[in-house]
1. Round to the nearest 0.05 the FRET efficiency obtained for S164 and S34 when R0 = 25 Å and r is the Cβ-Cβ distance.
2. Using 1/(1 + (r/R0)^6) with R0 = 30 angstrom and r between the beta carbons of A97 and A144, what's the FRET efficiency to the nearest 0.05?
3. If I ignore ligands, DNA and RNA and count only protein heavy atoms, how much of Y46 is accessible to a 1.4 Å probe, in Å² to the nearest 10?
4. Can you work out the Karplus-derived ³J(HN,Hα) for every residue in segment 72-86? Use 6.51 cos²θ - 1.76 cosθ + 1.60 with θ = phi - 60°, whole Hz, and x for glycine or proline.
5. Once amide H atoms are built 1.01 Å from N in the peptide plane, which residues 5 or more positions from A138, or in another chain, come under 5 Å H to H?
6. At 1.4 Å probe size, put D18, D166, D150 in order of accessible surface, largest to smallest.
7. For every other residue with a beta carbon closer than 15 angstrom to the beta carbon of Y26, add +1 if it is Lys or Arg and -1 if Asp or Glu, then tell me the sum.
8. Amide H to amide H under 5 Å from W65: which residues, 5+ apart in sequence or cross-chain, H placed 1.01 Å off N in plane?
Amino acid sequence: MTDLPPDARAASARLTVDLGAVRENYRVLARRASVPLLPMVKADAYGLGAAAVVRALEAEGPLAWGVASVEEGLAVRATGTTRPIVVFSPALPATFAAARAARLELVLEAPAAVAAWRALGGRWHLPIETGMSRCGVAWDDAAALAALLDAGGPPVSVFTHFHSADLDDESITVQGARFERCLAGFAARPPLVHAENSAALLRGAASRWQAARPGIALYGVRVGARAQWTP
C-alpha cells in the first residue's frame, strides 16, 4: 500500500504558467514605463517559478532582477543569468560572503553594514523611506543619509516604494514629493533613481525616473482602480 502525503489534494494540484503571457505583460509595462525595468522575481516569482520566469524574460533585456533575500538571489543566479541581482531586504552581515561570491547587489540602510559590504567590493543600493515603513533612511533625515554616503560612497541606485499606489488617494503624490525633496539634498543627483511598482505604472503615466520595478502585474494580476493595460 502506498502512503499518501498529509494533503493529497495539494500534492496533486498542477499550475500551468503561460510564459508567453508573462513576456507580453513585461512588454506592456515596458512601453508604459518608457524606461528600463527591474522586474521583481521575489518569492519564486510570486509562486510561479522564478527560474522559468527569469529564463523567459532574459531576452527582453531587464536592467536587473529583484529578489527579497540572499537565498532567493542565489537561486536566481543559479539559472545562469549574468545580469545584476538586487536583494531588496537589508541583508545580515553573515550572508555577505555568499552574496559577494554570487555577485549579488544589496540594499542597505546601516552605515556599519554598508562599510562592511563595500570592504568586500560589493555594490549597494540606497532605500529612502517616504511612508512605506518597511526599510530605508527617512526622507527628511539628512544626517542619517550623510552617514550612509560617508560609509559607502555613491550607491548604484536610490529608490523608494509607494505603499498604496493601488488606491485612488493622494499617497503617491505625497511620497513622490518627499522622495524628490530628499533627492534634491544630494550634492549630485544619483544617476539611477526608481520608485514605481506595478500599481504606479498601471495608473497610466510614463515613469518620471530612470527605471521602474514591476512585480505582481508581470504575472497577470490587475492592481488598482485606475489600472490601464493598453499601451
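1. Once the sixth-power term is evaluated, E becomes 0.60.
2. The calculated FRET efficiency here is 0.65.
3. Solvent-accessible area, nearest 10 Å²: 80 Å².
4. 5, x, 4, 5, 5, 4, 5, 6, x, 5, 9, 6, x, 10, 9
5. Long-range HN contacts for A138: E129.
6. Highest to lowest solvent-accessible surface, that is D150, D18, D166.
7. Charge balance in the 15 Å sphere: +2.
8. Here I85, V86 satisfy the definition.
The values are calculated or read from the model by the stated rules, or taken from the named source; none is laboratory data. Given the structure is predicted, the values throughout are model-derived calculations rather than measurements. With ideal geometry, Cβ positions are generated from the backbone for all residues, glycine too; neighbour counts draw on all protein chains shown. To get the accessible areas, we keep the full protein, side chains included, count just its heavy atoms, and leave off ligands, DNA and RNA. Shrake-Rupley method; radii C 1.70, N 1.55, O 1.52, S 1.80 Å.
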